[in-house]
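Report on the following structure.
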Amino acid sequence: MEARERLTEAQINEDLLGPTLRTPRWFWPVAGFLALVVLAGVVSFGLMINRGLGLTGLDRPVMWGALITTFVFWVGISHAGVMISSILRLAQAEWRRPVTRAAELLTVFALSTAAIFPLIHVGRPWRLLYWFLPYDFPRMVWPNVRSPLIWDPAAIFTYLSGASLFVFVALLPDFALARDRTRGWRHRLYSVLSLGFRGSLRQWKLQAIAGILLSALILPVFVSVHSIVSWDFAVAMSVDGWHATIFAPYFVIGAVHSGVAAVVTVMALMLWLFGWKRYIRPEHFDSLGKLELAVGIGWFYFFFLEVVFGLYGLGGPDLAMKQMQLTQWPWSLLFGIFIVTAAFIPIPLWMFRRVRRSILAMFLVSISVNIGMWFERFLIIVPGLARKQPFAFSWGTYSPRPVELIIVAASFALVLLGLLLFTRLFPPIPIYDMKEGQVLHQDLQVGRRRVPGIVRE
Amino acid sequence: MVSHEHAPDLTPDRIAQDGLRSLLVSGPRFFAAARILGALFALGIVGFVLRLRGGFEDRAAWGYYAGLFAFLLATVGSAPMVAIGLRLTKANWRRPLARAAELYLVGGVFLFLLFIPLLYLVPSAQGRRTIWFSWPNAPHLWDAWALAMLVVCGLLVLYASAVPDFASARDSLPGGLRQRVFAWLACRWRGRQRQWAVQRGVLVLLGAFYFMLLVLVYTLISSDFAISMVPGWRDPLFPTYQALVGLQAGVATVILTMYLLRRIGYQEYLGVGPFWSLAKILLALSLLWFYFWFSGLIVLWYGRQPVEQNILKLLWYGPYLPLFLLTAVLNFVGPLLVLMWNPLRRSVVGPAIASGMILVGTFLDRIRFFVAAFSVEETGVALEHVPPAHLPDGIDMMIVVGGIAGALFIYLMATRVIPIMAIWELREGLLLRARATVVRLEAIVLGKPS
Amino acid sequence: MPQASYKWQMVVDIDRCTGCQACVVACQAENNIPLNDDVAFRAFRANEWVRIERYWEGEYPNVKARFIPVMCQHCDNAPCEPVCPVYATHHNEEGLNVQIYPRCVGVRFCANNCPYHARFFNWWEPVWPESLRNHLNQDVTIRSRGLIEKCTFCIQRIRRAEREATRERRLVADGEVLPACVQACPTNALVFGNVKDPQSRVSRLLGHERGYRLLRELGVGPNVLYLKKVEREVHG
């Protein structure tokens, strides 16, 4: 922890609530651009509904491609929120304070975006009632609970509702703060949302307990969601490259790897766009960087295990997928890009304090990680299917077509747009949390040094 | 809220006194424990010699020996991770328990000696499916190298942690042989700025290395001594599963050690705080036990492929089903039911009970995997027949009991040379604490130097 | 599952197969499969419920072509069935893996999990040229885009034979029902019948010395038996 300046409550209120109440100049052009990209995605989806999935680059045997990759990617990104928010809250780490809400928001928006993808990529979206809702009540035909694709919506919606509750509970004191400082439609909105929060002792206690309970309860959910998504692939015994027991923890730790990087991206953007130099400081990026280093090394270990054991049955059919990934153009290029951007650049860089404390460096490295992690999912899904079983005559290939790429880009725009619109209504840095941090911060005199300290009961 | 810290009325001198007590005075309880453990250890050596006479031809006979080794790796090898991990994350509540956890590092030498006969049992990698492809002697070379590096790294960490306390011992003893021994061990430690900086660097770096080497050792041991011995068992999750169960057993070992320390007079140092914090970690690890087990099961079970069904039968619901059920209860259901309740979690007895269950469960778990793997004689591509359960005989029991006793015996002897409370660490903790009044609350302020 | 009198099995004799693709054409005609042009083949989207896989062996001048017709194996332990979220594919009492077109939403997990690459997805709405509209078989549904289809062992022919047999209060006789591919094969390389009838041709072929199943080690229990090609030595 580092020594820092003392901020008054009024200052904190103004700094953190101000940008919510007064729209910055760059806001509407940026939001407008993002909305256009989202619109392009909607148009592409409309074309797919109108003409058919033939517009995509999918074929036989590669029946899942860029869209499913992006689905897994967004589910992965959604994991960082819980990781940072709940684990750091339970471990009482001080540096979490400005980061938690941004992370939780990333979870909610990334997960909502991810949930759209299964709807987009099915052959007949207008028949989805069979899948998401038990529809055929009269004929007693239920969804097939043996299918991992039924476990998926259950897991994702559990996580989404848990994460939304989590964000809401953490927002309550800030709703109350905003209610007391606004008029008009905003005042009415915050009054409804704050549920009558007045800051009494009992209410604070309830809010704190709710936060801790949700933190603890959402941890198993967080681990289970990406595991269940990974089992979409791992239980498919026909695709040798997918049928590995390690998929569940491998995907989860990959999700944390890409998710924490996404949080770094969002934090850097918040710092630059809103000018919150006093609240988002190099020490936060330093701590995030150390976390990323640990997670990144852990992820690389799982990746290494998966590769080694994948090559295990030397001469077996699983070898064909690895051959495609590593030796065949252009997959070998993609593999090289993936391993360099996701591991070989970030992990060594995070070992250096200077890199961790440089916000620009951390921002660029985090983008690199997510580029690599998108390719990681792509390289698991597509070569696995393209080299399925020894029927070499029926092996195939895949390259994504414009509709898919537009939809992928639109998903990024949707998440960013969601985050941006959120900041119009609610403060993205938890105000009450920052104030609590100020109160609990005391300096200690140790010999000739003043050491920053935390109050513990 | 109960404090996570040790009792506030300790002074630096009191800490030094208590810490050095174990070095200077050995009471009757010590001698009784030494005698019992020594006798059991001797019994184990006898059993080992008897087993050695049977030679290394029959691999199945050595299954329990391998299980013992794996169990000791999980307890003695993993317990120091508690100290190392907490030191790396700078958790303040590690201070009273760090040394007790680190002392298990002396058991590393014993672990390595135990490993040597196992090298004769792993067949060459050529012609089999292993992670070494067809490199014939790779398992022998690399497994031994990794374990040796682990032991050396561990001993260095222990030494670096103990040096300031050797200096305290040197300075408080009047003279004589013991004083000279401690002076030599302390290696001219004067507590200078630079020496502390070097010590901190060594502890942090070598600690991180120890963790990585431990994970590597788990990977290699579980791959070469379990997975590759069962044809058709392709399971990249298994090494991580073993590492996780090992970590769980390591935390359980530390909790039980702490419990024992409280009984022999260190209650003021080990309040409820450390137990509560470790119990939370133990709960998380128990849940992860279930998660890793289930992840392995669902993938192998869902595909209904014959070879994978045979492997599941061998390891889980075939001849070793009773062992597996016991393990599931002792490593997951039991600790979950105990540690779920905050009153039980935030106590001394609750975590201790959960730890006891976990240690027994881990032992049964290791026995199950390694005895099952060692009892497979086929060398094909897929497991065709599931061999029946291999029950222990008298020699096996002697070896197992003796091995555990031996590790504990070595630990006990080490406490005569290295104080079981880290004097320097506890003193450092005192320096970084102060009392303060926040709003209307009497609170403690903990310094967190960057 | 209620006990049925029939369990359908197919036998493919690789020694007799010449790779002429008559079965492929017959299947396309019988089952209203959309036409595959070269664009479809190049895009890896050809829809061939039964396909001839061709492998080249050897070096010039001793190059040999190996043909193997592959269709849905109607596995007893089908990996495609548990993964469909809407129960659009399931096993019926006669051992057939059936696809329920109205129910299929098109997630394509079944196609991914089929090790025989036997499932096909309709990427576009099927279109036939005007001249071919009259050739469509009225016993077989025309599938819209966005759903999965595959070989059904010509279930329409099986059902018709069963209806007639029931009307005449007897069981379907051996050879009475022939899927289109079996009927069209000029060398009689394909045999189809009821394995519960011990006198049927398929039952008598079951223990054949040349018999093997594709991907047997996967344990999916395919109901198609292949007879290995007899290798002839070329002397001189």
Within the stretch C:169-187, the count of residues that are loosely packed, with under 12 Cβ neighbours inside 10 Å and modelled with pLDDT of 95 or more comes to 1
How many residues are small (Gly, Ala, Ser) and within 25 Å of residue C:97 (Cα to Cα) if we restrict to the stretch C:1-56?
6
Of the conditions (1) within 14 Å of chain C (Cβ to nearest Cβ); (2) acidic (Asp, Glu); (3) assigned to a helix (DSSP H, G or I), residue A:14 clears all except one; give me its number.
(1)
Among the candidates C:148, C:142, residue that is in contact (Cβ under 8 Å) with a residue 60 or more places away in the chain and within 14 Å of chain A (Cβ to nearest Cβ)
C:148
Just the residues that are among the hydroxyl-bearing types (Ser, Thr, Tyr) and modelled with pLDDT under 90, please, taken from the stretch B:223-255.
B:223, B:228
Does the stretch A:369-382 hold any residues that are surrounded by 20 or more Cβ atoms within 10 Å (Cβ to Cβ) and not aromatic (Phe, Trp, Tyr), and which are they?
A:369, A:370, A:372, A:373, A:376, A:377, A:379, A:380, A:381, A:382
Candidate set from the stretch A:421-436 (those that are surrounded by fewer than 18 Cβ atoms within 10 Å (Cβ to Cβ) and in contact with a helix residue (DSSP H, G or I) (Cβ under 8 Å, 6 or more places away or on another chain)); member that is modelled with the highest pLDDT:
A:421
Return a yes/no flag: does the stretch B:130-148 have any residue that is assigned to a loop (DSSP other than H, G, I, E, B) and at positive phi.
yes
Within the stretch A:273-289, does at least one residue satisfy the condition of being more than 26 Å from residue A:175 (Cβ to Cβ), of a type in the set (A, V, I, L, M) and crowded, with 24+ Cβ neighbours inside 10 Å?
yes
Strands (runs of 3 or more DSSP E) wholly inside the stretch C:130-236 that include at least 2 residues being closer than 30 Å to residue B:302 by Cβ
C:148-150, C:224-227
Among the residues that make up the stretch A:47-64, is at least one of them part of a helix (DSSP H, G or I) and either modelled with pLDDT under 85 or more than 14 Å from chain C (Cβ to nearest Cβ) (or both)?
no
Before we move on, is residue B:302 facing chain A (nearest Cβ under 8 Å) and among the hydroxyl-bearing types (Ser, Thr, Tyr)?
yes
Please work out if residue B:170 is more than 30 Å from residue B:231 (Cβ to Cβ), surrounded by 15 or more Cβ atoms within 10 Å (Cβ to Cβ) and more than 14 Å from chain A (Cβ to nearest Cβ).
yes
Please determine, by comparing only the residues of the stretch C:82-95 that are buried (at least 21 other Cβ atoms within 10 Å of the Cβ) and not small (Gly, Ala, Ser), which one is farthest from the other protein chains (Cβ to nearest Cβ).
C:89
Right, residue A:124: within 11 Å of chain C (Cβ to nearest Cβ) and modelled with pLDDT of 90 or more or not?
yes
Within the bounds of the stretch C:99-122, is there any residue that is more than 13 Å from chain A (Cβ to nearest Cβ), within 29 Å of residue C:225 (Cβ to Cβ), surrounded by fewer than 21 Cβ atoms within 10 Å (Cβ to Cβ) and not aromatic (Phe, Trp, Tyr)?
no
Could you figure out which of (1) modelled with pLDDT under 90; (2) surrounded by 22 or more Cβ atoms within 10 Å (Cβ to Cβ); (3) out of contact with any strand residue (DSSP E or B) (no Cβ under 9 Å at 6 or more places or on another chain) isn't true of residue A:365?
(1)
If we keep just the residues of the stretch B:205-244 that are part of a helix (DSSP H, G or I) and without any contact (Cβ under 8 Å) to a residue 12 or more places away in the chain, which is farthest from residue B:78 (Cα to Cα)?
B:205
Condition first: surrounded by fewer than 21 Cβ atoms within 10 Å (Cβ to Cβ) and either outside any strand (DSSP E or B) or modelled with pLDDT under 90 (or both). Can you find one or more residues in the stretch B:365-372 that meet it?
no
Tally the residues that are basic (Lys, Arg) and exposed (fewer than 14 other Cβ atoms within 10 Å of the Cβ), restricting the search to the stretch B:15-45.
2
I need a count of the residues in the stretch A:207-246 that are more than 10 Å from every other protein chain (Cβ to nearest Cβ), in contact (Cβ under 8 Å) with a residue 40 or more places away in the chain and more than 18 Å from the chain's Cα centre (by Cα).
6
Options B:94, B:99; residue that is surrounded by 23 or more Cβ atoms within 10 Å (Cβ to Cβ), within 14 Å of chain A (Cβ to nearest Cβ) and either small (Gly, Ala, Ser) or assigned to a helix (DSSP H, G or I) (or both):
B:94
Being in contact with a His (Cβ under 6 Å, 6 or more places away or on another chain), surrounded by fewer than 23 Cβ atoms within 10 Å (Cβ to Cβ), closer than 26 Å to residue A:54 by Cα and not hydroxyl-bearing (Ser, Thr, Tyr) narrows it down to one residue among A:412, A:391; which is it?
A:391
Select from the stretch A:163-189 the residues that are free of Cβ contacts under 8 Å to residues at least 60 places away in the same chain and under 30 Å from residue A:74 (Cα atoms) and list them in ascending order.
A:164, A:165, A:168, A:169, A:172
Exactly one of A:439, A:451 is hydrophobic (A, V, I, L, M, F, W, C), crowded, with 18+ Cβ neighbours inside 10 Å and more than 27 Å from the chain's Cα centre (by Cα), and that one is A:451
Mind counting the residues in the stretch B:155-195 that are over 25 Å from residue B:205 (Cβ atoms), hydrophobic (A, V, I, L, M, F, W, C) and not in a helix (DSSP H, G or I)?
1
Looking at the stretch B:257-278 only, could you name the residues that are away from chain A (no Cβ under 13 Å), assigned to a helix (DSSP H, G or I) and of a type in the set (A, V, I, L, M, F, W, C)?
B:258, B:260, B:261, B:272, B:275, B:278
Does residue A:263 fit the bill of being within 13 Å of chain B (Cβ to nearest Cβ), in contact (Cβ under 8 Å) with a residue 60 or more places away in the chain and within 15 Å of the chain's Cα centre (by Cα)?
no
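The values are calculated or read from the model by the stated rules, or taken from the named source; none is laboratory data. Just so you know, these numbers come straight off a predicted model, no measurement behind them. Note that each Cβ is placed from the backbone with ideal geometry, even for glycine, and that neighbours are counted across all protein chains shown.
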